[in-house]
1. Hey, can you tell me all the residues within the range 23-48 that are out of contact with any Lys or Arg (no Cβ under 8 Å at 6 or more places or on another chain), surrounded by fewer than 19 Cβ atoms within 10 Å (Cβ to Cβ) and either in contact (Cβ under 8 Å) with a residue 24 or more places away in the chain or in a loop (DSSP other than H, G, I, E, B) (or both)?
2. Residues Arg80, Arg61: which one is loosely packed, with under 12 Cβ neighbours inside 10 Å, modelled with pLDDT of 80 or more and among the charged types (D, E, K, R)?
3. Can you tell me which of (1) at pLDDT below 85; (2) among the polar types (S, T, N, Q); (3) surrounded by 10 or more Cβ atoms within 10 Å (Cβ to Cβ) is the one Asn66 doesn't meet?
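The values are calculated or read from the model by the stated rules, or taken from the named source; none is laboratory data. From a predicted model like this one, the values you see are computed outputs, not experimental measurements. Ideal geometry is used to build each Cβ from the backbone, glycine not excepted, and the neighbour counts take in all protein chains shown.
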Amino acid sequence: MPQSFVVDAVVAAVKELPDFPCLRVLDLSCGEAEILNRLKSLGCEVQGTHYRADDYIVEDRKGLANVPVVSGVDLHRPLRRDVSRLPAAAGF
């Protein structure tokens, strides 16, 4: 769980982007989805990823109930040619 000042700083930076809040945001390894939930509440379309469904980093899953999260995205491995499992390929 990031400290609140981290969430606030990320949200402030995203608010400066052109077309905010009409943005699609993909958070790689989104943890408990604090940032995504805040951006969703402001009108952004959001999606997160996790390496494993049972990721040990996630202690409180309440925030994940409101955000689509794709599990099994290993950020340590190169992308395969078949990227159909990634959110962008699914129309995100």
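1. Leu23, Arg24, Leu26, Leu28, Ser29, Arg38, Lys40, Gly43, listed by residue number.
2. Among Arg80, Arg61, only Arg61 is loosely packed, with under 12 Cβ neighbours inside 10 Å, modelled with pLDDT of 80 or more and among the charged types (D, E, K, R).
3. Of everything listed in (1) at pLDDT below 85; (2) among the polar types (S, T, N, Q); (3) surrounded by 10 or more Cβ atoms within 10 Å (Cβ to Cβ), Asn66 misses just condition (1).
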